[in-house]
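Working notes for the structure below.
Laboratory data are not the source of any read-out in this text; all were calculated from the coordinates shown. Bear in mind the structure is a predicted one, so any value in this text is a computation, not a measurement. Note that each Cβ is placed from the backbone with ideal geometry, even for glycine, and that neighbours are counted across all protein chains shown.
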Amino acid sequence: MTDYTEEERRILAYLRDSAARGERYVRSKTIANAIGLTAKQVGVRLPNLAEKTDEVEIEKWGRAKSTTWRVTQG
């Protein structure tokens, strides 16, 4: 079993819920606002979570004002 920090668990819970609702694209800022972290805290953790988890697939998708992440159920 993979060990996650408290912040990673909160991010994963948000991503699982989003993917289950059919949302495919999210921004760090949106996640941060929903779970009480900063966009930077979320953005730093997402690439590591993409490597660590198979619960959801996390892919860096695009960059405009902020990075967009593509999330699908794992």
inquiry  = What do you get for trypsin sites (Lys or Arg not before Pro) in the chain restricted to DSSP loop and a cutoff of at most 15 other Cβ within 10 Å of the site's Cβ?
reply    = R21, R24, K65
query = Which value in nm describes the separation of the simple spin-label points at E55 and Q41, placed 7 Å from the Cα toward the beta carbon?
reply = 1.7 nm
remark   = With the 8 Å Cα cutoff and a minimum separation of six or more residues, the chain has a relative contact order in percent of 33 percent
ask   = Magnitude of the Cβ-charge dipole of the chain, K/R +1 and D/E -1, about the Cα centre, nearest 20 debye?
value = 500 debye
